[in-house]
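See below for the structure under consideration.
Each value in this text was obtained by applying a stated rule to the coordinates, not by laboratory testing. None of the values given here were measured: they were computed from a predicted structure. FYI the Cβ positions are ideal-geometry reconstructions off the backbone, even for glycines, and counts take in every protein chain you see.
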Amino acid sequence: MKKIIVNVLVLGFMTLSLQAYDQVERIQDMQTMEAAMAQIQKGVLYNNKKMALQGVENLKKASSKVEVAPKGLMDYSTVFAKKQAANIVKYSDKMKSNIEANQKHAAATNYTKVLSQCISCHNKIRKWSQ
Ligand code: HEC
């Protein structure tokens with residue numbers, strides 16, 4: 001019984017924290033991911049491994065919330081969002097290994113794969129304005 005109450009509480013908190021992720025935070029995380037992508041490219045172009053790896057870390061950190069699908073006009077399914085988030089992490093990990101192994105072409109390939117995840121979700125957003 002005690003366990004059930006605890007589980008219900010935990011579930012409640014989880015639901016609350018999911019709902020608490022609002023549009024303002026989403027935009028912040030999106031901008032962080034955009035900056036991280038730019039940092040990765042810069043790191044590769046300037047031969048600065050540390051900069052590129054830091055960009056990958058920033059990207060992974062900010063992408064952890066992508067899986068929360070918004071409720072409202074910009075809606076898409078949670079299943080889709082989770083898949084996109086998992087792919088971003090997967091290709092980021094590959095990029096990390098590539099950068100560590102000085103494989104810039106391979107890093108660029110995985111960079112493009114990450115970008116494709118961004119684009120395929122953005123293409124789903126009905127209210128994309130400009
Ligand atoms: C699963 C869906 C999804 C994925 C994947 C996704 N985005 Fe977004 N993105 C959104 C939504 C929704 C918005 C619009 C937010 C709003 O205006 O409320 C957005 C907006 C943005 C914006 C505009 C922010 C602004 O200031 O208006 C940028 C930049 C951005 N995303 C970058 C990225 C990058 C970089 C990636 C990939 C690493 C990415 N996004 C992946 C859903 C996604």
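At-a-glance table
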quantity	calculated
Summed side-chain charge close to LYS65 - residues other than LYS65 whose Cβ falls under 14 Å, Lys, Arg +1, Asp, Glu -1	0
In segment 29-130, the trypsin sites (Lys or Arg not before Pro) that fall in loop regions by DSSP, at most 12 other Cβ within 10 Å	LYS71, ARG126, LYS127
Label-point separation, LYS83 to THR109 (7 Å along Cα→Cβ), nm	2.3 nm
Estimated vicinal HN-Hα couplings, Hz - segment 53-59 in sequence order (Karplus 6.51, -1.76, 1.60; Gly, Pro = x)	5, 5, x, 4, 4, 4, 5
From phi via Karplus (6.51, -1.76, 1.60), per-residue ³J(HN,Hα) for segment 60-72 in Hz, x at Gly/Pro	4, 5, 6, 6, 5, 9, 4, 5, 7, 7, x, 9, x
Given charges at Cβ of Lys, Arg, Asp, Glu: segment 22-125 dipole, positive-most of VAL79, MET37, ASN47	ASN47
Ratio of Rg to Rh over segment 22-125 (Cα coordinates, Kirkwood Rh, two decimals)	1.00
Within straight-line cross-link reach of LYS50, lysines at Cα separation under 18 Å, skipping those fewer than 8 residues along the same chain	LYS42, LYS60, LYS61, LYS94, LYS96, LYS104
